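Just below is one structure, and these are the notes that go with it.
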Amino acid sequence: MSRDAAILWLKPFIARPIALAGLGILLTTVLAALLAPWLSPYDPNAIDPVIRLTPPNAIHWFGTDQFGRDTLSRVIHSARMALLIGSGVVLFALATGVPVGILSALFPRLGHVLMRMIDVLMAFPTLLLALGLIVILGPSLTNAILAIGLGYMTTTTRIVYGLTLRLRAETYVEASRSMGAGTIWLIGRHILPNLISPLLVQASFVFAFAQLGAASLDFLGLGAPPEIPSWGNMLAESRTFVTRAPWLLFFPGMMIVATAFSLNLVGDALRDRLDPRFRQVFGEKG
Amino acid sequence: MSGDDILDVRDLKVSFAVRRAGRKYRVQAVDGVSLALAEGEVLGIVGESGCGKTTVGRAIVGLVQANGGSIRFKGVDAMGAGRAGRRAMHLNVRMVFQDPYASLNPRRTIGDSVAEAGDINGIFRDRAERSAMVAETLAAVGLNPSFAARYPYELSGGQRQRAGIARAILPTPSIVIADEPVSALDVSVQAQVLNLMMDLREQLRLSMLFISHDLGVIGQISDRVVVMYMGRIVERGRTRTVLDHPLHPYTRSLIAAIPLPDPSKRILGAIETSEPPSLFKRPSGCAYAARCPLASERCLIDVPELRSTGTDERALACHNV
Amino acid sequence: MLTVRDLTVSSGSATEPVDIVAGVSFGVAKGEILGLVGESGCGKSMTSLAIMGLLPQPGPRVRAGRVELDGRDVTQLQPWQRVEAGHGRMAMIFQEPMTSLNPVRRIGDQIVEAVRVHDDVSAAAARARELLELVRMPDPEMQLAAYPHQLSGGQRQRVMIAIALACRPQVLIADEPTTALDVTIQVQILGLLRELCGRLEMAILFITHDMGVIAQLADRVAVMYAGRIVETAAVDAVFGSPRHHYTRGLMDCMPSRNAGARRLPTVSGQPPAPGTIRAGCVFAPRCGAAREQCHVMTLSRVEVSRGHEVLCAFPLNGGEPA
């Protein structure tokens, strides 16, 4: 990507300071996850009963928990779990939703059956669906991703289905068909390229909601194993000490809200960036 | 018709299933249309919206399924053609669409769109040949070859339509089906694009099926014309003859309704409110009978067949002319 | 009845305005149809929206000039303010009636609603029927109960005209009302407007890109190009001897059914985008007769004969270059 192109990608963020803030929070989270071992001041699992439930101070900025573990270190390490589950859910939702949506739209008979199945899945609230699956499959990280991913696969499929139906009727798709294009050609040259921008936006929202879903599962003890630090686990463990140690609730809770919110902001900005009218305003070539 | 017709459509029927107010209807959009296109000829199809003229074009390129009749390209049945036959059809019978904004993929470069037929059917030996042919084709439609790298939103309506025409002539086809190619353009641009199409027709020896609602445009470009009403041909003949001496009452009213750019020849005045019948409720006899000044009792019962008048390739579907 | 003076509509910032409509002036008298003709993007629709006080917000603003209705300045007033202030009434009809009609309400109810804004409630139903008869809707009693999708394009346009007439307008602005219609229906709607104009003594501003429609319908013509009116005259004068090179070009490049396969004369190039307009005549870059000074000089309107004004330094004479 050239420098000019990079500037163009940043323009919608620069034009809206709140989106820039969202991007900042997101990048910070990613950095925290990547550099957790070097960034965190202490071992997130080091127990020290002497300093248990210390409020935030100069040594332990975010305080300590009931075992004397450093909250800041645990919050930083939790970012890894958050990103892992977020990307896992997004990948799953796209990998299943995109082909199902496209094929359903291109082959109406198949679509009739598949879309009714999606409708059934959509009838359940996402979290309830995830809980049910975890109960059947047993709690693990992979299963948490699958369980949450299934909920967002349905919305992704719906979006892809609707867009593909519209694209299929576009004159340029008809032109292509009239020149002998087959299904693979249509999908590769006309449908997928036009799906990329809405999917990018959808991915950012799925990622954000996956954070909330994962935190809920963790909180209920059905997500990440308790020995792995995650914001949801931290919330769950802190709940008995809420009145004595509110910082245990505050910091992971804030991170969940901040990550989800920042992703929504970034998603909004991406949508603007990918809108062709926006492209014209900023005079982009290609 | 004679043996040197490049395209021969006989008794073409196309119907659509339509759901309206909870009920299913079958709408017969094209109801037994026969036409023949001679080599190097421009045949105009004219009629108002809903008359089936666009559907005829779409059926010929295979975008809609015909449910009756035959389409023969160079004597070969195109509807039952095998893989090789279909490939020949796809490369030889090409379409230009009405809306220059919708007919180009906004995410593909003009070059990619223009090369598409070649890419799909694998006719380019290498990338160099591909870009050379794209550049040559763009030049042929009056666009700078550098447009190959541009995207549709960077082009004006007229330029896009030129790109749409370029897509239809690479590789050079035998037949171009032009579906209202200038209707969405401003008059000054319309004239440029019409001129281009006339030039290309001569340079590339194209045969053309030119579909339009605009008798002015049809009169400008076509050698022969068929007039359609409610899915059927009502009149056919040499363009000059049909436009100068229309016989069918519908053709007459169509010509009379053209707003001429001459204030001394005003046609407004007579208070008229008749409209074509709904496609869902096709009348039993002649579809034009309800609006026709010549209608007799027979017109309400009998559907008039298209019959030759014997002169000048003229044919007519009317009981009373 | 309607007078527009030096109307300038601009988008862009206050310091760097981009004029979409630049100093347009014309008037329409009672019982007269003024045809405003031009190609897409020439500013004709923007002009009509500015006159109606319906410019999209946020969006272009009226930067200068006045719109006078029956002698009173209404430039800065919204349509409802005009009604409240007891000013003259204007109504507008558009190209696509389907988007202006509520698809889930009966035609009759929609007309009644329009009537009630201006008239006595008790007589509204009768007035709705009367309006449908006025626009020569076939079978008006039945159609009152119909929904918009049950009507044909031409009938919908009749309904739109009926709704527009509900306020007993003194000025009717018609923005390409027949462009989406078939010719045999177009001729009916044009005939209807012609008839209503005389019967109701309205002033009609008819906007179109079609020179043929203008010739058929208008009493006077204003030709618009790049935000400016380049020629105004009575319809016979404009078609008989156009004085502006653009007007001439527009008429020449119309395909004609009588022509036969010959090349059409064209106006080369494209209209300039607003904001790229430089000094000199706006049409000079495309004008076959442009001289050097055309590209630099400031033009003013010239009255070449009585009531025939042209924005050109070297107007055509009797269709030929002077």
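Within segment C:212-246, how many residues turn out to be small (Gly, Ala, Ser), crowded, with 22+ Cβ neighbours inside 10 Å, more than 9 Å from chain B (Cβ to nearest Cβ) and closer than 21 Å to B:Leu260 by Cβ?
So the answer is 2.
Return the residues of segment B:160-201 that are of a type in the set (D, E, K, R) and at the interface with chain C (Cβ under 10 Å from one of its Cβ atoms); say none if nothing qualifies.
B:Asp186, B:Asp199, B:Arg201, listed by residue number.
Please go through (1) out of contact with any His (no Cβ under 8 Å at 6 or more places or on another chain); (2) surrounded by 13 or more Cβ atoms within 10 Å (Cβ to Cβ); (3) farther than 24 Å from C:Leu190 by Cβ for B:Ser308 and return the number of the only condition it doesn't satisfy.
Failing condition for B:Ser308: (2).
Taking segment B:215-232, which residues are of a type outside the set (A, V, I, L, M) and within 7 Å of chain C (Cβ to nearest Cβ)?
Passing the criteria: B:Gly216, B:Gly219, B:Gln220.
Determine whether segment B:299-310 contains at least one residue that is over 26 Å from the mean Cα position of the chain (by Cα), more than 10 Å from every other protein chain (Cβ to nearest Cβ) and in a loop (DSSP other than H, G, I, E, B).
Scanning segment B:299-310, I find at least one residue that is over 26 Å from the mean Cα position of the chain (by Cα), more than 10 Å from every other protein chain (Cβ to nearest Cβ) and in a loop (DSSP other than H, G, I, E, B), so the answer is yes.
Taking the conditions exactly as written (surrounded by fewer than 24 Cβ atoms within 10 Å (Cβ to Cβ), of a type in the set (Ser, Thr, Tyr), at the interface with another protein chain (Cβ under 8 Å from one of its Cβ atoms) and not in a helix (DSSP H, G or I)), does C:Thr266 satisfy them or not?
yes
Just for segment B:233-277: of the residues that are outside any helix (DSSP H, G or I) and among the basic types (Lys, Arg), which one is nearest to the other protein chains (Cβ to nearest Cβ)?
Initially, segment B:233-277 is screened for residues outside any helix (DSSP H, G or I), giving B:233-238, B:245-248, B:257-277.
Still in the list and also among the basic types (Lys, Arg): B:236, B:238, B:265-266.
Details: B:Arg236: 16, B:Arg238: 11, B:Lys265: 8, B:Arg266: 6 Å.
By that ranking, first place goes to B:Arg266.
Across segment C:142-189, which residue is farthest from the other protein chains (Cβ to nearest Cβ) among those that are among the charged types (D, E, K, R) and in a helix (DSSP H, G or I)?
C:Arg156
Of the residues B:Asp99, B:Asp112, only one is in contact (Cβ under 8 Å) with a residue 60 or more places away in the chain and among the acidic types (Asp, Glu); which?
Answer to the check: B:Asp99.
Can you work out which of the residues in segment B:54-100 that are within 9 Å of chain A (Cβ to nearest Cβ) and touching a Phe, Trp or Tyr at 6+ places or on another chain (Cβ under 9 Å) is farthest from B:Ser183 (Cα to Cα)?
Taking the candidates together, the pick is B:Met89.
Taking only pairs six or more apart or across chains, which ones have beta-carbon atoms under 6 Å, a first residue in segment B:301-320 that is among the hydroxyl-bearing types (Ser, Thr, Tyr), and a second residue that is buried (at least 17 other Cβ atoms within 10 Å of the Cβ)?
Close Cβ pairs (under 6 Å, with a partner that is buried (at least 17 other Cβ atoms within 10 Å of the Cβ)) amount to B:Ser308/B:Ala315; B:Thr309/B:Leu316.
Tell me whether segment B:120-139 contains one or more residues that are in contact with a Phe, Trp or Tyr (Cβ under 9 Å, 6 or more places away or on another chain) and within 13 Å of chain A (Cβ to nearest Cβ).
Among the residues of segment B:120-139, at least one is in contact with a Phe, Trp or Tyr (Cβ under 9 Å, 6 or more places away or on another chain) and within 13 Å of chain A (Cβ to nearest Cβ), which makes the answer yes.
For C:Ile207, are the conditions met, namely being within 28 Å of B:Val46 (Cβ to Cβ), more than 8 Å from chain B (Cβ to nearest Cβ) and not in a strand (DSSP E or B)?
Considered against the rule, which asks whether it is within 28 Å of B:Val46 (Cβ to Cβ), more than 8 Å from chain B (Cβ to nearest Cβ) and not in a strand (DSSP E or B), C:Ile207 comes out as no.
So in segment A:87-105, with the set limited to residues that are within 20 Å of A:Leu26 (Cβ to Cβ) and of a type in the set (A, V, I, L, M, F, W, C), which one is surrounded by the fewest Cβ atoms within 10 Å (Cβ to Cβ)? Step through it out loud before you land on a result.
Of segment A:87-105, the ones within 20 Å of A:Leu26 (Cβ to Cβ) are A:87-91, A:93-94.
Still in the list and also of a type in the set (A, V, I, L, M, F, W, C): A:89-91, A:93-94.
Numbers: A:Val89: 28, A:Val90: 23, A:Leu91: 14, A:Ala93: 28, A:Leu94: 19.
Going through the qualifying residues, I end up with A:Leu91.
Here are some residues: A:Ser216, A:Ser204, A:Ser140, A:Ser197. Which one is within 25 Å of B:Pro106 (Cα to Cα), at pLDDT below 90 and away from chain B (no Cβ under 14 Å)?
The unique qualifying residue is A:Ser204.
Can you confirm whether segment B:262-278 contains a residue that is farther than 22 Å from B:Lys13 by Cβ, crowded, with 20+ Cβ neighbours inside 10 Å, at pLDDT below 90 and not β-branched (Val, Ile, Thr)?
Yes: segment B:262-278 contains one or more residues that are farther than 22 Å from B:Lys13 by Cβ, crowded, with 20+ Cβ neighbours inside 10 Å, at pLDDT below 90 and not β-branched (Val, Ile, Thr).
The values are calculated or read from the model by the stated rules, or taken from the named source; none is laboratory data. What you see is a predicted model, and the numbers here were worked out from it, not measured in a lab. Backbone-built Cβ (ideal geometry, glycine too); neighbour counts: all protein chains shown.
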